[in-house]
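Data first, discussion second: the structure below is written as structure tokens.
The values are calculated or read from the model by the stated rules, or taken from the named source; none is laboratory data. In this text, all values refer to a predicted model and were calculated from it rather than measured experimentally. Note: ideal-geometry Cβ built from the backbone for every residue, glycine included; neighbour counts use all protein chains shown. Accessible surface is based on the protein model in full, side chains and every heavy atom, while ligands, DNA and RNA are left aside. Shrake-Rupley method; radii C 1.70, N 1.55, O 1.52, S 1.80 Å.
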Amino acid sequence: MTSAAAADLPLEGRCTCRAVRFRLASRPLVVHCCHCTWCQRETGSSFALNAMIESDRVELLSGAPELVDTPSASGAGQRIARCPRCRVAVWSHYAGASEAIRFVRVGTLDEPGRLPPDIHIFTSTKQPWVVLPPGTPAVAEYYDRERYWPAESLARRDAMLQAKAAAGASAAPVRGSRT
Ligand SMILES: [Zn+2]
Ligand SMILES: [Zn+2]
């Protein structure tokens, strides 16, 4: 079972000063541990741990995150949602995946240990001392969603795309999110 499927609800999180608080209304679609150099720079650490979830399943309990335009590896850019007071980042929108998806930073959750990674990505640039556990999928760059996502997450993604098409959204179509 993937961590996304195993996580109990609710999952709540916040920034450091507590001005921004939020709750995940359902399990994430997938949890990425990204070892790309961009994530390393943005976190000042060795990797980023991101829970991918539909934006309308992230309930804001308090505060109003500010969206900060930030370059991304694809060149399409990303918007990082930061607390307007302490500036801690709570989630990102990537241009490739549109505003409909949030990449919630797992470390901002009250119990981050409940969302271990479903997959390690961009391990080609992993820091050499990071040792990956044998039981978790790991790929050198990005991956084929159909192969790694649980069926429930694929169905949720289809539902999201259909709702978007029905609404006649003019935004760019959701595609593989090369961050
Ligand atoms: Zn804050
Ligand atoms: Zn990354």
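Here are some notes:
- Where a label projected 7 Å from the Cα of SER62 along Cα→Cβ would reach, residues of region 73-104 with amide N under 17 Å: 83-88, 90
- Cα shape, region 40-146, gyration tensor, a/c 1.5 rule: prolate
- Residue among ALA76, ALA155, ALA166 with the largest mean-square fluctuation in a Gaussian network model of the chain, springs linking Cα atoms under 10 Å: ALA166
- Computed [θ] at 222 nm, deg cm²/dmol, the chain (DSSP H ≥ 4; -39,500 (n - 2.57); rounded to nearest 500): -4500 deg cm²/dmol
- Most to least accessible of CYS36, CYS17 (protein chains only, probe 1.4 Å): CYS17, CYS36
- Length-normalised contact order of region 35-179 in % [C-alpha pairs under 8 Å, at least 6 apart]: 25 percent
- Multiplying each eigenvalue of the alpha-carbon gyration tensor of region 18-66 by 5 and taking the square root yields semi-axes of 23, 15, 7 Å, largest first, rounded to whole angstroms.
- Residue-level accessible surface for VAL68, protein heavy atoms, 1.4 Å, Å²: 50 Å²
- Look at where the Cα atoms of region 7-45 and of region 76-132 average out, and the two centres are 6 Å apart.
- Backbone HN-Hα couplings from phi across region 121-134 [Karplus 6.51/-1.76/1.60, Hz, Gly and Pro as x]: 10, 6, 6, 4, 10, 4, 5, x, 7, 6, 9, 7, x, x
- Were the residues from ARG147 through ARG41 laid out at 0.36 nm apart, the gain over their Cα-Cα distance would be 35.3 nm.
- Exposure of LYS126 as accessible area (Å², to 10), given a probe of 1.4 Å and all protein chains: 60 Å²
- Among GLY113, VAL130, LEU67 the positive-end extreme of the charge dipole of the chain (Cβ point charges): LEU67
- Projected area averaged over orientations for region 42-82, convex hull of C-alpha atoms, nm²: 4.0 nm²
- The accessible surface of the chain, taken with every protein chain in place and a 1.4 Å probe, is 53 percent carbon and sulfur.
- Cα gyration tensor, the chain - rounded (a/c under 1.5), prolate or oblate: rounded
- On a per residue basis, region 12-105 carries 40 Å² of accessible surface, using protein heavy atoms and a 1.4 Å probe.
- Applying 1/(1 + (r/R0)^6) with R0 = 41 Å to the Cβ-Cβ distance of SER124 and CYS17 gives a FRET efficiency near 0.70.
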